[in-house]
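**Student:** Below are the structure tokens for one structure; questions will follow.
The values are calculated or read from the model by the stated rules, or taken from the named source; none is laboratory data. Here the structure is a predicted model, which means the values were calculated and not measured. Cβ atoms come from the backbone with ideal geometry, glycine included; neighbour counts cover every protein chain shown.
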Amino acid sequence: MQFSSIYGQEELKQKLIQSAVNGRISHAQLFLGPEGSGALPLAIAYAQYINCLSPTPTDSCGSCPSCIKFEKYIHPDLHFTFPTIAIEKKKTSNDFISEWRQALLNNPYMSELQWLMHLDEEGKKQGNITAEECRDIIRKVGLKSFEATYKTVIIWLPEYMKQEGNILLKLLEEPPPQTLFILVAQDADKVIGTILSRTQIIRIHPLSDAAITQALMDKSALPTNEAHTIARVAEGNLALALSLSEAGRSDYNQLFAIWMRACFSRSVDAINQSIDSITGTGREFIKSFLGYSLHMLRSALLYRYAPNQLLRLSPEELAFMQRFSFTMDDRNIPQLMKAINDAAYHVERNADLRITFLNLSLYISHRLYKA
């Protein structure tokens with residue numbers, strides 16, 4: 001993966017390139033960025049640049065034997081560790097490497113949940129990075145390099161390593177020569193402290209609306225105005241933006257307004273009608289619609305308690321907020337957001353859509369009168 005194929009993060013790309021050019025490559029780095037910010041693609045592009053046979057001042061060449069293998073994620077000195085689930089005799093990342101490569105080729109910005117659901121559609125099993133996986137990392141690093149300048153181990157979501165991660169401490173402190181560890185995390189608080197203290201942290205910010213808009217126009221062929229609307233809702237998360245675009249609809253504001261009015265009216269008929277219009281659109285759309293609903297609730301908090309220049313709303317959304325914000329404040333918005341997050345969790349795990357939305361709607365109807 002080349003830096004040029006990664007959206008946004010221009011300043012960080014240049015810093016990474018400069019560190020490689022100057023030979024200042026820390027042997028253990030932690031790329032820390034929120035979901036959808038491009039932390040994993042950046043880690044892969046960085047490793048590709050370091051091992052490129054003909055790098056340019058701005059990117060890897062993309063055509064040398066090393067780059068060609070990196071582009072397909074099949075370079076013999078590029079190793080991945082990621083959360084897995086127990087399926088029959090499959091236990092380590094090596095056992096899932098074919099699925100992992102295909103998932104990366106399809107969407108290198110995939111979310112944690114999208115990957116786990118790729119392994120287990122029912123969502124009944126928890127992901128894990130096991131002690132056996134950590135010992136396998138030691139085994140891989142102990143092997144002689146095949147052809148790369150730097151043998152690279154990319155550990156995606158080290159948050160899944162609990163105390164078993166301590167198995168890697170000595171290796172992180174004193175790795176073999178020309179060995180590079182890149183850990184890609186979303187939440188530093190969930191990475192065990194002994195691992196965190198042994199890495200150089202590279203902070204990655206959420207993507208700009210412009211970067212996400214361009215990505216949606218390129219990847220989903222969306223018109224500019226629709227891509228920009230989704231970019232605002234995604235709030236820097238390209239994984240979410242791509243999920244929203246796959247839903248294939250852009251009338252979120254209208255549906256959300258009808259739904260909230262139905263909940264506020266406490267009319268069973270109105271609630272049922274709004275549920276029918278939402279749940280009849282398919283599971284992918286519902287997941288994206290719930291993401292939009294969270295965006296609107298966060299906007300409601302900003303509208304009530306922050307300067308209006310912080311709002312990222314279209315004129316239609318702002319008009320709705322002006323009329324409806326009296327029903328929402330800090331006494332009910334946090335509870336509503338938690339309820340929507342819980343509903344999204346159940347939708348991801350194939351819960352009955354209508355029952356889930358009916359329960360959620362009745363709860364929202366109750367909480368709107370707590371303002």
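**Student:** Suppose the filter is surrounded by 20 or more Cβ atoms within 10 Å (Cβ to Cβ) and within 20 Å of Leu358 (Cβ to Cβ); does Ser299 pass it?
**Tutor:** Considered against the rule, which asks whether it is surrounded by 20 or more Cβ atoms within 10 Å (Cβ to Cβ) and within 20 Å of Leu358 (Cβ to Cβ), Ser299 comes out as no.
**Student:** Taking the stretch 197-224 as the search range and keeping residues that are hydroxyl-bearing (Ser, Thr, Tyr) and part of a helix (DSSP H, G or I), which one is surrounded by the most Cβ atoms within 10 Å (Cβ to Cβ)?
**Tutor:** Of everything passing the filter in the stretch 197-224, Thr213 is surrounded by the most Cβ atoms within 10 Å (Cβ to Cβ).
**Student:** Any residue at all in the stretch 1-8 that is part of a helix (DSSP H, G or I) and buried (at least 20 other Cβ atoms within 10 Å of the Cβ)?
**Tutor:** Yes - at least one qualifying residue is present in the stretch 1-8.
**Student:** In addition: Quick one: count up the residues across the stretch 284-334 that are assigned to a loop (DSSP other than H, G, I, E, B) and among the acidic types (Asp, Glu).
**Tutor:** 2
**Student:** Another question about this same structure. Step by step: first the residues of the stretch 160-175, then only those that are closer than 23 Å to Gly127 by Cα and assigned to a loop (DSSP other than H, G, I, E, B), then the one that is modelled with the highest pLDDT. Which residue is that?
**Tutor:** Applying the filter and picking the extreme gives Met161.
**Student:** Is the stretch 349-356 home to any residue that is of a type in the set (D, E, K, R), closer than 25 Å to Asp120 by Cα and modelled with pLDDT under 85?
**Tutor:** Yes: the stretch 349-356 contains one or more residues that are of a type in the set (D, E, K, R), closer than 25 Å to Asp120 by Cα and modelled with pLDDT under 85.
**Student:** In the stretch 225-268, what count of residues is obtained for those that are under 23 Å from the mean Cα position of the chain (by Cα) and outside any helix (DSSP H, G or I)?
**Tutor:** The total comes to 6.
**Student:** Then there's this: Do we have Arg367 as part of a loop (DSSP other than H, G, I, E, B) and of a type in the set (Lys, Arg) here?
**Tutor:** When the stated conditions are applied, Arg367 does not pass them.
**Student:** Just one of (1) farther than 18 Å from Glu164 by Cβ; (2) out of contact with any strand residue (DSSP E or B) (no Cβ under 7 Å at 6 or more places or on another chain); (3) in contact (Cβ under 8 Å) with a residue 12 or more places away in the chain trips up Leu78, so point out which.
**Tutor:** (2)
**Student:** A follow-up question, please. Just one of the numbered conditions (1) in contact (Cβ under 8 Å) with a residue 40 or more places away in the chain; (2) assigned to a helix (DSSP H, G or I) is not true of Thr149; which one?
**Tutor:** The one condition Thr149 does not meet is (2).
**Student:** Return yes or no: is Asp136 part of a helix (DSSP H, G or I), in contact with a helix residue (DSSP H, G or I) (Cβ under 8 Å, 6 or more places away or on another chain) and surrounded by fewer than 20 Cβ atoms within 10 Å (Cβ to Cβ)?
**Tutor:** So Asp136 passes the test.
**Student:** For the stretch 323-371, which residues satisfy the criterion of being of a type in the set (Phe, Trp, Tyr) and either loosely packed, with under 14 Cβ neighbours inside 10 Å or farther than 15 Å from Ile286 by Cβ (or both)?
**Tutor:** Within the stretch 323-371, Phe324, Phe326, Tyr363, Tyr369 meet the criteria.
**Student:** Confirm whether Leu240 is in contact (Cβ under 8 Å) with a residue 24 or more places away in the chain and assigned by TED's automatic domain parsing to the domain that holds Val347.
**Tutor:** When the stated conditions are applied, Leu240 does not pass them.
**Student:** Is one or more of the residues making up the stretch 299-313 within 28 Å of Ala351 (Cβ to Cβ), in the same structural domain as Lys338 (by TED's automatic domain parsing) and in contact with a helix residue (DSSP H, G or I) (Cβ under 6 Å, 6 or more places away or on another chain)?
**Tutor:** Yes, some residue in the stretch 299-313 is within 28 Å of Ala351 (Cβ to Cβ), in the same structural domain as Lys338 (by TED's automatic domain parsing) and in contact with a helix residue (DSSP H, G or I) (Cβ under 6 Å, 6 or more places away or on another chain).
**Student:** Quick check on my filter: what residues within the stretch 97-129 are outside any helix (DSSP H, G or I) and at pLDDT 90 or above?
**Tutor:** Result: Asn107, Pro108, Tyr109, Met110, Ile129.
**Student:** Still on this structure, I have one more. Collect the residues in the stretch 139-165 that are among the aliphatic types (A, V, I, L, M) and closer than 27 Å to Tyr109 by Cα, keeping them in residue-number order.
**Tutor:** Residues satisfying the conditions are Val141, Ala148, Val153, Ile154, Ile155, Leu157, Met161.
**Student:** Here's a check for you: in the stretch 25-61, which residue that is within 22 Å of the chain's Cα centre (by Cα) and in a loop (DSSP other than H, G, I, E, B) is surrounded by the fewest Cβ atoms within 10 Å (Cβ to Cβ)?
**Tutor:** Pro34
For every residue, the table says whether it meets (1) closer than 28 Å to Ile6 by Cβ; (2) touching a residue at least 60 places away in the same chain (Cβ under 8 Å).
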{"position": "Lys90", "(1), (2)": "no, no"}
{"position": "Gln114", "(1), (2)": "yes, yes"}
{"position": "Ile155", "(1), (2)": "yes, yes"}
{"position": "Gly165", "(1), (2)": "yes, no"}
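**Student:** If you go through the stretch 67-99 one residue at a time, how many are hydrophobic (A, V, I, L, M, F, W, C) and closer than 13 Å to Glu133 by Cβ?
**Tutor:** So the answer is 6.
**Student:** Here's a follow-up. Would you mind stating whether Lys144 is outside the structural domain of Arg312 (by TED's automatic domain parsing), closer than 29 Å to Gly23 by Cβ, touching a Ser or Thr at 6+ places or on another chain (Cβ under 6 Å) and not β-branched (Val, Ile, Thr)?
**Tutor:** no
**Student:** Next up: Give the residues of the stretch 328-348 that are at pLDDT below 85 and over 19 Å from Gly291 (Cβ atoms), sorted by residue number.
**Tutor:** Passing the criteria: Asp329, Asp330, Arg331.
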